[in-house]
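Here is the structure we will look at, set down as structure tokens.
What follows draws every value from the coordinates through simple rules; no lab data is involved. Because the structure is predicted, anything quoted here is derived from the model rather than measured. No Cβ is skipped: glycine too gets one built from the backbone with ideal geometry, and neighbour counts run over all protein chains shown.
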2 protein chains.
Amino acid sequence: MASQTVLTPQADDFPRWYQDVVAKAEMADNGPVRGTMVIRPYGYAIWERIQSAVDARIKQAGAQNAYFPLFIPQSYFEREAKHVEGFSPELAVVTYAGGEELAEPVVVRPTSETVIGEFMAKWIQSYRDLPLLLNQWANVVRWELRPRLFLRSSEFLWQEGHTAHASFEDAAAYARMIHAEVYDDFLEKVMAIPSYLGIKPASERFAGAINSMTAEGMMRDGKALQLATSHELGQNFAKAFDIYFQNEEGQAELCYTTSWGSSTRYVGGLIMAHGDDNGLVLPPQLAPTQAVVVAVRDEADVNDACARVARDLTAAGVRVVVDRGRGSFGRRITDWEIKGVPLRIEVGPRDLAQGVVSVVRRDNGEKLTLPLDSLRQHAIEMLDAMQSNMLEAALKFRDGATYDVKTVGEAIEAAQEGFARLSWDSVGPHGEAVLKTDAITVRCLQRADGSMPDSDTEKNLVCIVAKSY
Amino acid sequence: MASQTVLTPQADDFPRWYQDVVAKAEMADNGPVRGTMVIRPYGYAIWERIQSAVDARIKQAGAQNAYFPLFIPQSYFEREAKHVEGFSPELAVVTYAGGEELAEPVVVRPTSETVIGEFMAKWIQSYRDLPLLLNQWANVVRWELRPRLFLRSSEFLWQEGHTAHASFEDAAAYARMIHAEVYDDFLEKVMAIPSYLGIKPASERFAGAINSMTAEGMMRDGKALQLATSHELGQNFAKAFDIYFQNEEGQAELCYTTSWGSSTRYVGGLIMAHGDDNGLVLPPQLAPTQAVVVAVRDEADVNDACARVARDLTAAGVRVVVDRGRGSFGRRITDWEIKGVPLRIEVGPRDLAQGVVSVVRRDNGEKLTLPLDSLRQHAIEMLDAMQSNMLEAALKFRDGATYDVKTVGEAIEAAQEGFARLSWDSVGPHGEAVLKTDAITVRCLQRADGSMPDSDTEKNLVCIVAKSY
């Protein structure tokens, strides 16, 4: 196809390819204030599908949505020492409002542990109120010096879950359940992105957490992208905000809290985990449009046939749009490829005469000539196949570019083109410092079998090491 | 019921009744920063249902969702003279971010005409790009000196639609269509709130608009609440942001734009349009829980029967929760009444023995004893009946408290307990000033038959005059 001339090839310049896709697929633009982002309708339609799939899983996990204020008193941040230290450099501060200087400046939320902690303290009386399981969908602001659309922006959209529990064990189990059954399940089944689940080394922990879990995906350039995190906050925020409950014996005890979040960064991950030189490749479950019915020419019988095909597929639950035959066919095809629409159904006068259409699969380019009267069944099967094949392909790609190594030196070499996996004992804080001189970090710690450890101090852990976004 | 002791009666102190309902139904709390609001899970669940019904209508109207930045350069506001004049007193300004003073302060959006205008100018090339129909769901900030939960808060959640058109007529027709088919249709069919649709007098126009349309609902205390507005912006923002298109003859022309919004204020309207001395009364279409199955006592066979009833109703598409028989029955009943759940199904051991249950309708208190085996059908019919009866009752209440009068003096008298309707010629700017000394405003201008005028300069208009929130 002609799209080689439209996008920078991945192999030439991956970051530029990414920018090209975001622009040409009309997903997002830079906002006027440094680091802010305009999410255009096509990018937002993908985000709406992400939201809906993640939200359903969060509700399934028993958490309820709520909404807390954008503005947080600056003093709240100062109550948890590590939290203020971690977030201070990124804060945006309102000093002037309603025509006058504010007595106490207010911070635009970078995350909401503090203000939610304040209300947990109000709402929790006894053990009967626990666990308290909350989530909110909101915008947050973290001032970015090197912004990148969807990956790092000064304002982004996300969900942040916040929970309070009666025991350490209950909090730990809940954060782990969210990590597996909300994030990993969504990434695998909907995004078709396999991820390494593990614990962050202490150096990379969330500011104020006692343990941070992550899901790390591999992008097509071999770099890592952190796609979701879940934090055990211990009693740090409970102490800072007086989140007490009365236990069954009538005594006051401090709660254990957790927080967990994922954001519009998912969209960046989607682009970089599956995209190719012709543009986006969307997993059918996420695609706002699953099939485009393209009229080869702008003729009445062709357009009528397109409308019939679209009606038939829509009735079968497929999300379809029709592209009437206006303008260059080649140009239209290129545009639909850039947008990553899973199935392209081409309807031309000659094929029509024979009662067939051409169907092209976006992920592998497979092109089939199919009889009109069995198109519906075939289309559904092809969408299912594409969803599972995309996960398999991503898994194969990731495993093929994950190298088991022995030393930090070998890890640095391997991380030039993929992930390195090695014993955490052979890295440690010193190794982390060495890696960082090459802009490489420890992405997570796992057990040797790939499972989630209880803590970062467990024996015989391995670490996944990579360059990252 | 015992709830008279829980809530201040409406007749004693309506504003306090409102506060009591918001607090006791656990809908919202005041945030720590002046005028901000915490929307609690029950309030947010109602908002989610509102969002979903409004969003479906917006998509049906052809608009696409997108997302624009929270932060807007201060200079953008200064480009449209009336806009900056109208919004300046309410702006919150970020002057400090990322550890340093900003070169240009940024405004936290109070509304997004300016920043969206900037991007419309970038995206619109030719007449083929028109109309451009956008909407966003977002938080906005307008500093409030006299905040009230859901009605006036310094930060609120809303949708704001923004469209660009090739002609004045097309813009006017689209804004009117949104007003009727999104807002009025939603208010009537889902919220069960009849509203007066009309044009705002020039004094009450949106800052920068050439015409503002409103939907005014009557609350149970006879005051008006503005529930949604749609604005024709003429070419004011197109001029300020250079929103040009090339017409079919290849000449550059300025676009005509519109904007239209509705917010979490809907929740306040819902409370005040339908609530009674026992609390919220939710129209079944909006209720997060449509039926609560209450076990009269905590006994195994009673709880089992409750679970069976809940399964049966859930299978029929009813949103159900079970209240197992723990704690005082009276107290639990009071709580469900405060939350406004449409149907309460009481399951007790004596009734069970006879194969019946008691069903109570929240709107009119009607209590029926119904056989278990036909409960499902009855419940669905009762929910339907309640939805339409609530609209009828609200319409009857509104019409009964709308008084046709002749003079401004009579209007002032009528507005002490309801709405006054009189000829706009007999009011005019002078009458508006007189009304304002009694905190009464002209809510909207209509034709004598209640329909929407073409403009506020049309002859023989009537005006609706009331106290308002």
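With a 10 Å cut-off around each Cβ of B:133-145, the average count of Cβ atoms from other chains is 3. Once both axes come from the Cα atoms, what is the angle between helix B:300-315 and the longest principal axis of chain B, in degrees from 0 to 90, rounded to 10? It is inclined by approximately 40 degrees.
By its C-alpha gyration tensor, with a ≥ b ≥ c as the square roots of the eigenvalues, how is segment A:334-469 shaped: rounded for a/c under 1.5, else prolate for a/b larger than b/c, else oblate? Walk me through the numbers before you get to the answer.
Working: a/c = 4.77, a/b = 3.03, b/c = 1.57.
Prolate is the answer for segment A:334-469, as a/c is 1.5 or above and a/b outweighs b/c.
Of the beta bridges in segment B:402-466, as assigned by DSSP with both residues counted there, near 75 percent are antiparallel. Measuring r between the beta carbons of A:S75 and B:K367 and using R0 = 45 Å, the FRET efficiency lands at 0.30. Label-to-label distance, A:T437 versus B:E181, with points set 7 angstrom from Cα along the beta-carbon direction: 6.7 nm.
Per-residue shielding of A:87-94, expressed as the average number of other chain Cβ atoms within 10 Å of the residue Cβ, stands at 5.
Return the subset of B:K122/B:K200; B:K59/B:K82; B:K200/B:K239 for which the Cα-Cα distance in this structure is over 29 Å, preserving the input order. Write down the numbers at each step before the final one.
Values: B:K122/B:K200 32 Å; B:K59/B:K82 31 Å; B:K200/B:K239 23 Å.
In this structure, B:K122/B:K200; B:K59/B:K82 exceed 29 Å between Cα atoms.
Selection among B:P32, A:A273, A:S154 by position relative to the dipole of the protein assembly as shown gives A:A273 as farthest towards the positive end (Cβ unit charges, Cα centre). For chain A, the Stokes-Einstein estimate of translational diffusion at 37 °C and a viscosity of 0.692 mPa s comes to 136 µm²/s, using the Kirkwood hydrodynamic radius over alpha-carbon pairs. Ranked by how many other Cβ atoms sit within 10 Å of their own Cβ, fewest first, the residues B:D384, A:D363 fall in the order B:D384, A:D363. Helix B:329-338 and the longest principal axis of the Cα set of chain B meet at an angle near 20°. Residue order for A:I333, B:I39, fewest other beta carbons within 10 angstrom first, comes to A:I333, B:I39. At an R0 of 41 angstrom, the distance between the Cβ atoms of B:R128 and A:S423 translates into a FRET efficiency of 0.10.
The alpha-carbon of B:K367 sits under 27 angstrom from the alpha-carbons of these lysines, leaving out residues fewer than 8 places away in its chain: B:K24, B:K189, B:K339, B:K396.
Separation of segment B:332-405 from segment A:442-469 is 57 Å, based on Cα centroids.
Work out the P(r) tail for segment B:130-209: percent of alpha carbon pairs separated by more than 23 Å, whole number. Kindly include the intermediate steps, with their values, before the conclusion.
Numbers: 1151 of 3160 pairs.
Of all Cα-Cα pairs in segment B:130-209, 36 percent lie more than 23 Å apart.
Per residue of B:27-34, what is the mean number of Cβ atoms on other protein chains within 10 angstrom of that residue's Cβ?
Details: counts 0, 2, 4, 1, 10, 13, 13, 6.
Partner Cβ neighbours, averaged per residue: 6.
Annotation: peptides A:195-203, A:308-316, A:274-282, A:226-234, ranked by per-residue average of other Cβ atoms within 10 Å with the highest first, follow the order A:226-234, A:274-282, A:195-203, A:308-316.
Could you work out how far the C-alpha centroid of segment A:86-115 sits from that of segment A:257-331, in angstrom? Each part reduced to its Cα centre gives a spacing of 41 Å.
Quick one: check the C-alpha center-to-center distance for segment B:1-79 versus segment A:198-244, whole angstrom. What the calculation gives is 32 Å, centre to centre.
For segment A:403-458, applying the loop criterion from DSSP together with a ceiling of 12 other beta carbons within 10 Å to the trypsin sites (Lys or Arg not before Pro) yields A:K406.
Among B:L134, A:L352, the ranking by other beta carbons within 10 Å of each residue's beta carbon, starting with the fewest, stands as A:L352, B:L134.
For the protein assembly as shown, give the magnitude of the charge dipole about the Cα centre (Cβ charges: +1 Lys/Arg, -1 Asp/Glu; no others), in debye to the nearest 20.
Numbers: 96 positive and 128 negative charges, 120 e Å.
Once rounded to the nearest 20, the dipole reads 580 debye.
Each of B:A81, B:M120, B:G98 was placed along the dipole of segment B:81-137 (beta-carbon charges, centred on the mean Cα), and the one lying farthest toward the positive end is B:M120.
Ranking A:V347, A:G198, A:Q251 by Cα position along the charge dipole of the protein assembly as shown, where only Lys, Arg, Asp and Glu carry charges on their C-beta atoms, puts A:V347 farthest toward the positive end. Our helix-only sum for chain A, with -39,500 (n - 2.57) per DSSP H run of n ≥ 4 divided by its residues, gives a mean residue ellipticity at 222 nm of -10000 deg cm²/dmol. Here the simple spin-label model places points 7 Å from the Cα toward Cβ, and for B:S88 and A:R326 these points are separated by 4.5 nm. Given +1 at the Cβ of Lys and Arg, -1 at the Cβ of Asp and Glu and no other charges, the dipole of segment B:402-466 around its Cα centre is 40 debye to the nearest 20.
Spacing of the modelled spin labels on B:D12 and B:E48, each 7 Å from Cα toward Cβ, amounts to 3.5 nm. What is the log10 of I(q)/I(0) for segment B:402-466, computed with the Debye formula using one identical point scatterer on each Cα and no solvent, at q = 0.26 Å⁻¹? Here the Debye-derived log intensity ratios amount to -1.10. Contact order for chain B, expressed relative to its length and based on alpha carbon pairs under 8 Å spaced 6+ residues apart, stands at 15 percent. If a paramagnetic tag sat 7 Å from the Cα of A:D301 along the Cα-Cβ line, which residues of segment A:346-376 would have the backbone N under 13 Å from that point? Within reach of a label on A:D301, which here means backbone N under 13 Å from a point 7 Å along Cα→Cβ, segment A:346-376 contributes A:348-356. At q = 0.15 Å⁻¹, what is the log10 ratio I(q)/I(0) for segment A:2-274, with the Debye formula run over Cα points and no solvent? Each listed q maps to, in turn, -1.16.
Determine the dipole magnitude for segment A:2-274: charges of +1 sit on the beta-carbon of Lys and Arg, -1 on that of Asp and Glu, nothing else is charged, the reference point is the Cα centre, and the result goes in debye to the nearest 20.
Dipole magnitude for segment A:2-274 comes out near 760 debye.
As a ratio to 2.2 N^0.38 Å, the alpha-carbon radius of gyration for the protein assembly as shown is 0.99. For segment A:291-382, what does the alpha-carbon gyration tensor say about shape, rounded, prolate or oblate, given a ≥ b ≥ c as the root eigenvalues, a/c under 1.5 as rounded, and a/b over b/c as prolate? Cα axes put segment A:291-382 in the rounded bin.
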